[in-house]
Amino acid sequence: MKHYPVLQPTIGAREKKYVNECLDSGWISSGGKYVQKFERAFAHFKGIRYAATTFNGTVSLHLILVALGIGKGDEVIVPDFTYVATANAVLYVGAHPVFVDCDKTTYNINPDLIEKKINKKTRAIMVTHLYGNPCDMDKIMRIAKKYKLAVIEDAAEAHGAIYKGKMTGTFGVAGSYSFFGNKIMTTGEGGMVITKSKKIYDTIALLRNQGQNPRHRRYFHDRLAYNYRMTNLQAAVGLAQLEQLNTFLKQKRLIHAWYKEFLSPLVKKGLIVFQEETPKSKSSWWVTTIRILRGSSEKLAETLLKKGVETRPFFYPMHKLPHLKQKGYFPSSEKLAKEGLILPSSTLLSKKDIQYIGNIIVKAILKETK
Ligand SMILES: *Cc1c(COP(=O)(O)O)cnc(C)c1O
């Protein structure tokens, strides 16, 4: 029986070639040419001035918050439906995440619910382009402007996603990316901050490198800082992956279209729905997901696993996690967490694979809802 993991990196000859160059040259830590090469190429791909590599997508969120001077006594608006790293980064700086429910169709933060949660302590709106689907940035930027708030984009899942012709991550003061092994492109572990602001870029470059300011004598550090540097080895993998990103994105789009084709009988009967893009946006479709409107998503996951098909449940609502507990009314994120299932979405999958998986899903759901 063939095994279908949810996600799998695509690593080939190019990655090996670049990594071997690092190994042969001895540049295996954060010095070496690949770090800068990767940063320049990523900034170019995004159509933005500055890109700073980091050790992972969680610390890049942390660095953005520190660079903005957000800390104790401050509040940051965060989607209730996101990966835990988004909310944790706010806790790292001693600020308070304030959760906002998601939209049931896009799964992203519901912009119409943001204003109610803004008060004098609010400093920033942190949004996540969930599963690669761009948020409604027009509405979010309008609110941010009205209340003079910074917008931070957690674009960890949205490399190559586009909103009104512009790349995600370029709308707010800074955007954060992850290159974990299951993301659209990977460096094993890794992250990147992109920004238009020289000031933010310079601050992040200092913060990730123990605050070693080139203006000072070596080992004179003028502030608390971190070692959040990416290695040359990671950057070598990253550059090789970036050079293939458009191919990966094309494949993600195809996979999404194939699922839509093979699962259409269920959509027509109102038994499942797919995540929806907002008008004028183009998701990267990091993963293709379905919501099971009738029947149990857990039961379907078990049936699929017996046939070698792995799935993942949706994220758990942030306000219900023990260290983030928060009172409030979050009906949509609670509903999504129950109904949602992430389907195998690796770029290595073929149309035949998706057909195999699709057939199992159609059969299982029709049987359960008969
Ligand atoms: C993966 C991810 C992160 C964290 O990235 P790491 O590189 O694993 O630290 C943050 N936010 C979201 C939405 C993610 O999917």
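The values are calculated or read from the model by the stated rules, or taken from the named source; none is laboratory data. Fair warning: this is a prediction, and the values are worked out from it, not measured in the lab. Note that we place each Cβ from the backbone using ideal geometry, even for glycine, and neighbour counts take in every protein chain shown. Note: accessible area is taken over every heavy atom of the protein model, side chains too, but ligands, DNA and RNA are not part of it. Shrake-Rupley method; radii C 1.70, N 1.55, O 1.52, S 1.80 Å.
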### Query
What distance in nm separates the simple spin-label points at S264 and Q355, each placed 7 Å from Cα in the Cβ direction?
1.5
#### Entry: Within-12-Å neighbourhood charge of R291 [Cβ basis; K, R +1; D, E -1]
+2
### Residue-count net charge about N119 - beta-carbon cut-off 12 Å; Lys, Arg +1, Asp, Glu -1
+2
### Task
Could you pull out every residue, at least 5 positions away or on a different chain, whose amide H is within less than 5 Å of the one on S346? Hs are placed 1.01 Å off N in the peptide plane, and Pro or chain starts have none.
Q8
### Task
Restricting to the chain, compute how many DSSP beta bridges are antiparallel as a %, nearest 5.
55
#### Entry: Förster radius 51 Å - calculated FRET efficiency between M1 and L91 (Cβ-Cβ, nearest 0.05)
0.75
### Query
Taking a probe of 1.4 angstrom, what is the accessible area of I11 in Å², to the nearest 10?
90
### Message
Starting from a Cα-only point model with no solvent, please compute log10 I(q)/I(0) by Debye for region 47-184 at q = 0.09, 0.13, 0.14, 0.17 1/Å.
### Response
-0.22, -0.48, -0.56, -0.85
### Task
Could you tell me how many degrees, from 0 to 90 and to the nearest 10, lie between the Cα long axis of helix 198-207 and the main elongation axis, the longest principal axis, of the Cα atoms of the chain?
90
### Message
Whole angstrom only: what separates the Cα centroid of region 297-370 from the Cα centroid of region 177-245?
### Response
34
## Note on the structure
The distance between the Cα centres of region 271-288 and region 101-138, in whole Å, is 16
### Summary
Computed over the chain: longest principal axis from alpha-carbon atoms vs helix 351-369 long axis, angle to nearest 10 degrees, is 60
### Added length on full extension, which subtracts the Cα-Cα distance from 0.36 nm per residue, K280 to K327
13.5 nm
### Query
Mean residue ellipticity at 222 nm from the helices of the chain, using -39,500 (n - 2.57) per DSSP H segment of n ≥ 4 over the full residue count, to the nearest 500 deg cm²/dmol?
-11500 deg cm²/dmol
### Query
Averaged per residue, what accessible surface does the chain expose to a 1.4 Å probe, in Å²?
46
### Task
Using a 1.4 Å probe over the heavy atoms of the protein chains, calculate the carbon and sulfur portion of the accessible area of region 81-186 as a whole percent.
54
### Summary
Helix 13-25: inclination vs the chain longest Cα principal axis, degrees, rounded to 10, gives 20
### Query
Y201: accessible area at probe 1.4 Å, nearest 10 Å²?
50
### Summary
Charge tally for neighbours of A85 with beta carbon under 15 Å away, counting Lys, Arg as +1 and Asp, Glu as -1, is -4
